[in-house]
Amino acid sequence: MSRLQTLFAQKNKGILNVYCTAGYPQLDSTIPVMHALQQSGADLIELGMPYSDPLADGPVIQASSLQAIDNGMTLVVLFQQLQHFRDTITVPVILMGYMNTALQYGFERFCADAAAAGIDGLILPDLPPYEFETEFGAIIKKYGLDFIFLVTPETAPERIQQLDALSTGFIYAVSSSSITGSDKDFSPVEAYLQRLQEMQLRNPILVGFGIKDKYTFDMACNYANGAIIGSAYIKAIAQTDTIEATTKAFIDGIRS
Amino acid sequence: MTTTATFQQPDVQGYYGNFGGAYIPEMLYRNVEDLRTKYLDIMHETSFQKEFRDLLKDYVGRPTPLFLAQRLSNLHHTNIYLKREDLCHTGAHKINNAIGQVLLAQRLGKKRIIAETGAGQHGVATATVCALKGIECIVYMGVKDIERQAPNVARMKMLGAKVVPATSGSQTLKDATNEAIRDWINNPIDTHYIIGSVVGPHPYPDMVARFQSVISEEIRWQLKEHTGSELPTHVMACVGGGSNAAGAFYHFLDELSVQLLAVEAAGHGVNSGMSAATTQLGKSGVLHGSKSLVMQTDDGQVVEPHSISAGLDYPGIGPLHAHLFESGRGTFLSATDDDALTAAFELSKLEGIIPALETAHALSALHQIKWTEKDVVVLCLSGRGDKDLATYMKAM
Ligand SMILES: Cc1ncc(COP(=O)(O)O)c(C=O)c1O
């Protein structure tokens, strides 16, 4: 069983997935941040690979990406940093990023290096199902990586089925058709999450975008297996010198 | 990649050879798919065609003249015809596409139009057509471009559009495009995004090329009136994203006797680190929803280009042009900032036409070819120079 499957087999409620940007706030923060997240009780880590033009992300994550690029983060550096991370980090870790950086690195080399480092899966929001099925999916599978597709309130039921069939690990339910970290009212999203729940998908569902505190996390968890927090955490660690304490306080605030 | 593509038309997935497709996050899927399944049907409707053609004629002022530039021809010892897109209402070819897409958006039931703009020409064209149709219009523009293109910002505001500064990233066209796409993600129901060039996810490159193809449709019959033949030996155009070039090339793409010359902006020089010559400097990659040539670092970060002309200051190029480049069907040249300035003054004095700085790049490249007296060259004069007067005044 993959680490993701094991996680969802052991726990299917209240799963907390936290996003962090590799190389942020400092170039060497990647591993300490992941440690702090695991230590504080995150079930899953989504590690962002910085890209200059992250279409599906909001201003907070874009700013953290640009900071990370300025800090010197590249995929080459990232895979160096990840060389021994499995010695201490046991929670599943998923890489999130955009096609262009993976293509430049060489898509197969990218998958091979990710798998060799102990990465469990990928989220590449701008890799659509057609290109996944005709070209890239086979490479991702060859290296045993899970691949997570996104669905939104605008995704038609048949397409949700299709994306569920292509995904392994979990399905990423975008809480509203919005970029990450937006402040939209959460309540209209509940009907959509309920609809998803009733579809009985084969993959677990994690809700992302706009999850920022205990209230929104708990609400998402009413309808799904868990939720993903990104921008709110990036904001929390932006100014801190004490990653561990800040991360603990942040996650305690969600879990309490 | 299926084999049904011609140079003119991408395959069903939107690929021109190795380039194109729709690399978009799921949040954009419904809108882009809606467009993909409907754009051809709508464009072929009789009522659409009538309204589009009537507006091109009575509002834009088409057909634009095809003018034999005699003194310029004498200078180059050949025959040069200028396709006068500078005489379109609002001063550039951009309005052909803006009209087409606004009419399409209305038929898709959209109530709100968003656009990105660099030089402001596409923004002005979109704001103009939205004013004409009484539709809300929001234009995203990089903070740096807002500073360097003040008259066009004022025009958009006077036309009732809201100009939103793009403050992220490098604060120019690429970031204005990111912000417009984000707006679309946040407003998936009522909004249509009018992309200003032959870039973006399928079907945008094909759709914009079709709306601009009126340029070469006219060139064919106009050239026949002038010379007795519909086919020139060469068609030339400047390339930012590539929409005026796509329009000027369109009806010649599969006429292999016609040479297609595309001119990019070399900025301070192709290898100066301050350039926008994408085919020279770019590598295959994904930007703004399609696979094409993209100027980027070894790590895949998109780099900020440079050109004196804001309309060519883009780190990518439409997938059609990437394919023309890779296949050798098109010849790609470049002109520097200084070359373009010189050419702008040259045309003004020789023909009494002050061209846009973008167009001046194509004019400059006339000097890079050894012409013969038998050549018949059509150059797309994509826009007029009013918006560039501040730059020209500094160069006087
Ligand atoms: C006059 C003119 N020509 C050319 C361009 C470049 O765009 P494209 O390459 O899409 O024709 C612009 C863009 O603003 C323009 O204003």
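The values are calculated or read from the model by the stated rules, or taken from the named source; none is laboratory data. Remember, predicted model here, so these are calculated numbers, not experimental data. For neighbour counting, all protein chains shown are included, and Cβ atoms are generated from backbone atoms with ideal geometry for every residue, glycine included. Ligands, DNA and RNA are excluded from the accessible area calculation, which covers all protein heavy atoms including side chains. Shrake-Rupley method; radii C 1.70, N 1.55, O 1.52, S 1.80 Å.
Legend: residues in segment B:17-62 shielded by at least 10 square angstrom of accessible surface upon adding the remaining protein chains to the isolated chain (1.4 Å probe, heavy atoms) are B:ALA22, B:TYR23, B:ILE24, B:PRO25, B:GLU26, B:MET27, B:TYR29, B:ARG30. Could you name the aspartates and glutamates in cross-link range of B:LYS57, using Cα to Cα under 20 Å and dropping any fewer than eight places away on the same chain? In chain and number order, the partners are B:GLU45, B:GLU85, B:ASP86, B:GLU217, B:GLU218, B:GLU225.
Please sort A:36-45, B:89-98, A:189-198 by packing, taking for each peptide the average over its residues of neighbouring beta carbons within 10 angstrom, highest first.
Ranked by mean Cβ neighbours within 10 Å, highest first: B:89-98, A:36-45, A:189-198.
Ordered by 1.4 Å accessible area with all protein chains kept, B:SER307, A:SER256 run largest first as A:SER256, B:SER307.
Both chains summed, the buried accessible area for B and A stands near 3100 Å², from protein heavy atoms and a 1.4 Å probe.
Between amide H atoms placed 1.01 Å from N, distances below 5 Å from A:THR21 occur with A:GLY48, all of them 5 or more places distant or on a separate chain. The mean accessible area for residues of segment B:3-75, using a 1.4 Å probe and ignoring ligands and nucleic acids, is 48 Å² per residue.
Solvent-accessible surface of segment A:128-170, averaged per residue with a 1.4 angstrom probe and all protein chains in place: 38 square angstrom. A Cα-only calculation for segment A:3-255 places Rg and Dmax at 16.7, 47 Å. Highest mean packing first, where packing is the average number of other Cβ atoms within 10 Å per residue, the peptides B:225-238, A:77-90 line up as B:225-238, A:77-90.
Counting only helical runs of four or more DSSP H residues, what would the 222 nm mean residue ellipticity of chain B come to if each run contributes -39,500 (n - 2.57) and the total is spread over all its residues? Write down the numbers at each step before the final one.
Details: 16 runs with 166 residues, N = 396.
Calculated at 222 nm, the ellipticity per residue is -12500 deg cm²/dmol.
Straight-line reach from B:LYS224: taking Cα to Cα under 16 Å and skipping same-chain neighbours fewer than 8 places apart, the lysines in range are B:LYS83, B:LYS374. Buried on complex formation within segment B:148-180 (loss of at least 10 square angstrom of accessible surface versus the isolated chain, 1.4 Å probe, ligands and nucleic acids ignored): B:SER168, B:GLY169, B:LYS174, B:ASN178.
Determine the share of segment A:3-255's accessible area contributed by carbon and sulfur atoms, expressed in whole percent, with a 1.4 angstrom probe. Please list the in-between numbers first.
Details: 4640 of 9140 Å².
Carbon-and-sulfur percentage of accessible area, whole number: 51.
Residues of segment A:106-150 that lose at least 10 Å² of accessible area (1.4 Å probe, protein heavy atoms only) when the other protein chains are present, relative to their chain alone, are A:PRO125, A:ASP126, A:PRO128, A:TYR130, A:GLU131, A:GLU135, A:PHE136, A:LEU150.
For the protein assembly as shown, state the semi-axes of the equivalent ellipsoid (square roots of 5 times the eigenvalues of the alpha-carbon gyration tensor), sorted largest first and rounded to whole angstrom.
Numbers: eigenvalues 436, 120, 99 Å².
Rounded to whole Å, the semi-axes are 47, 25, 22.
For the residues of A:151-164, the average number of beta carbons from a partner chain within 10 Å of their own beta carbon is 3.
How much accessible area per residue does segment B:108-213 have, in Å², with a 1.4 Å probe? Working shown, then result.
Values: 2960 Å² over 106 residues.
Result: 28 Å² per residue.
Once backbone amide H atoms are built at 1.01 Å from N, B:ARG62 has B:LYS57 as its partners under 5 Å, excluding neighbours fewer than 5 places away on the same chain.
For segment A:3-255, the tally of Lys pairs with Cα-Cα distances below 24 Å comes to 14, considering only residues 8 or more apart or on different chains.
Using θ = phi - 60° in the Karplus curve 6.51 cos²θ - 1.76 cosθ + 1.60, the 3J(HN,Hα) couplings for segment B:253-267 round to 4, 9, 9, 5, 6, 8, 7, 10, 10, 10, 10, 9, 8, 8, x Hz; x is entered for Gly and Pro. Residue-wise HN-Hα couplings along segment B:378-395, as the Karplus relation 6.51 cos²θ - 1.76 cosθ + 1.60 with θ = phi - 60° gives them from phi, are 10, 10, 7, 7, 5, x, 9, x, 3, 5, 9, 4, 4, 5, 5, 4, 5, 8 Hz; Gly and Pro carry x. For chain B, how big is Rg over Rh, using alpha carbon atoms and the Kirkwood form of Rh? Across chain B, the Cα-based Rg/Rh ratio is 0.93. Using 0.36 nm times the number of residues separating B:SER348 and B:GLU136, minus their current alpha carbon distance, what extension gain do you get? Taking B:SER348 through B:GLU136 to full extension adds about 72.6 nm, to one decimal.
Shape class of segment B:247-386 from the alpha-carbon gyration tensor: oblate, with a/c at 1.5 or above and b/c at least as large as a/b.
What is segment B:187-296 by shape, rounded, prolate or oblate, if you read a ≥ b ≥ c off the alpha carbon gyration tensor as root eigenvalues and call it rounded for a/c under 1.5, prolate for a/b larger than b/c, and oblate otherwise? Mind showing how you got there, number by number?
Values: a/c = 2.57, a/b = 1.28, b/c = 2.00.
Here segment B:187-296 falls in the oblate category.
What is the percent carbon and sulfur in the accessible area of segment B:100-176, measuring with a 1.4 Å probe over the protein chains and ignoring ligands? Here carbon and sulfur together make up 56 percent of the probe-accessible area.
Within 10 Å of each Cβ of A:55-64, how many other protein chain Cβ atoms are there on average? Present the calculation step by step, with values, prior to reporting the outcome.
Numbers: counts 14, 8, 3, 4, 4, 0, 0, 5, 2, 0.
Partner Cβ neighbours, averaged per residue: 4.
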